[in-house]
1. In the stretch 116-161, which residues are of a type in the set (Ser, Thr, Tyr) and not in a loop (DSSP other than H, G, I, E, B)?
2. Say whether the condition of being modelled with pLDDT of 95 or more, open to solvent by 10 Å² or more (accessible area, probe 1.4 Å) and closer than 26 Å to LEU188 by Cβ is met by at least one residue in the stretch 96-103.
3. Give the residues of the stretch 166-192 that are within 14 Å of THR211 (Cα to Cα), free of Cβ contacts under 8 Å to residues at least 40 places away in the same chain, in a helix (DSSP H, G or I) and open to solvent by less than 70 Å² (accessible area, probe 1.4 Å), sorted by residue number.
4. Across the stretch 180-196, what is the number of residues that are more than 18 Å from ALA127 (Cα to Cα) and over 16 Å from the mean Cα position of the chain (by Cα)?
5. Filter the stretch 115-139 down to residues that are free of Cβ contacts under 8 Å to residues at least 40 places away in the same chain and open to solvent by 40 Å² or more (accessible area, probe 1.4 Å) and give me whichever is farthest from VAL195 (Cα to Cα).
6. Within the stretch 163-180, track down each residue that is touching a Lys or Arg at 6+ places or on another chain (Cβ under 8 Å) and closer than 19 Å to LEU205 by Cα.
7. Does any residue in the stretch 34-53 that is under 14 Å from MET210 (Cα atoms) come within less than 9 Å, Cβ to Cβ, of a residue that is assigned to a loop (DSSP other than H, G, I, E, B) and open to solvent by 40 Å² or more (accessible area, probe 1.4 Å) six or more places away or on a different chain, and which pairs are these?
Amino acid sequence: MRSWWRDLTDLVLPAECGGCGRPRAVLCARCRAALSGRAPCRVRPEPEPPGLPPVHAAAPYDGEVRAALLAHKERGALALARPLGEALAGAVRAGLRTPTARGRSGCGDDSGPASSGPVLLVPVPSARRAVRARGHDPTRRIAYAAAGELRRTGVPAAVLAALRQRRPVADQSGLGSRQRLANVAGALGVAPGCVRLLRRGRVVLVDDLMTTGATLAEAARAVRAAHGPPPGPSGPETESVERGRPASSKSRPAFVYLGETGEGSGQRQTPPPARSGADRQYGRPSKEADEEFAGGAPGVVCAAVVAASPNAFGIHRN
């Protein structure tokens, strides 16, 4: 009976800490301190990719933090989503309190973001094959937990899964910064139904980890392209979509996720502005776009991650 009860308990309670392996803890006190015990701060990769919005991280990607992220992502320790989401929420708050973010979002002081539309957490999407292999999308799951934590502390937040992979990308683990930029250039796009929804709040790009910043820069480019010029006069097709009726059988609705449920409305995608051949090839913004990107892409207040490469925390770059 004692052995049977122990096995039953293992199904309900965590068998070991996701950071250090101590028994009977989702994340022990020491590992929680490593994850959330310090104030989130601005991080910058070296070299910094063009178009990267201001990024804040909760902790360096090392030791117990690295172990916890890998346990959640690769070993399916789903109970870790809550503490990881709490850490991500702290990084989001830090990003919203920066002077640049306050200028874009109307925040007036360091006590917290002012209300000028909801905070839309836009997760960087995982590759479909990775989601199938893992059985879940770790970044989106952490984003849900972060949105819940933000709402509990009075910040109106929701998850908008707006980004999609437009083409497959190679595994980035063995690639350098330039190779990663080339690998993800043009790889992300905004789902058609999410274009209008992106304009209804303060967009914060979120991910579990930042190393070179290439993926976050590509995500910011995709959001900037989706914002583009305002749509022209409504025609029969756009009017039918705006009234909530699909314009064709190929129309797909978008969803703003509040917890695990969502609602939204379909909307045609606005074509991105034309770019030069070099910009299209390398995924870099033009000179005008670089000026727009100073302090974040149009529509992107900032970006936040649970962890970043330790060298991105260099104080001489903060």
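The values are calculated or read from the model by the stated rules, or taken from the named source; none is laboratory data. This one's a predicted model, so the numbers in the text were calculated from it and none came from an experiment. Note: ideal-geometry Cβ built from the backbone for every residue, glycine included; neighbour counts use all protein chains shown. Heads up: the accessible areas ignore ligands, DNA and RNA and are worked out on the full protein's heavy atoms, side chains in. Shrake-Rupley method; radii C 1.70, N 1.55, O 1.52, S 1.80 Å.
1. Residues satisfying the conditions are THR139, TYR144.
2. no
3. Selection gives ARG180 alone.
4. 4
5. ALA133
6. GLN165
7. CYS41/ASN318; ARG42/ASN318; VAL43/ASN318; ARG44/ASN318; PRO45/THR211; PRO49/ARG284; LEU52/ARG44
Each row is one residue, and each column tells you yes or no for (1) in a helix (DSSP H, G or I); (2) over 20 Å from VAL124 (Cβ atoms); (3) open to solvent by 50 Å² or more (accessible area, probe 1.4 Å).
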| residue | (1), (2), (3) |
| --- | --- |
| ALA34 | yes, yes, no |
| ALA39 | no, yes, yes |
| ARG42 | no, no, yes |
| GLU46 | no, yes, yes |
| PRO53 | no, no, no |
| ALA57 | no, no, no |
| GLU64 | yes, yes, yes |
| ALA81 | yes, no, no |
| GLU86 | yes, no, yes |
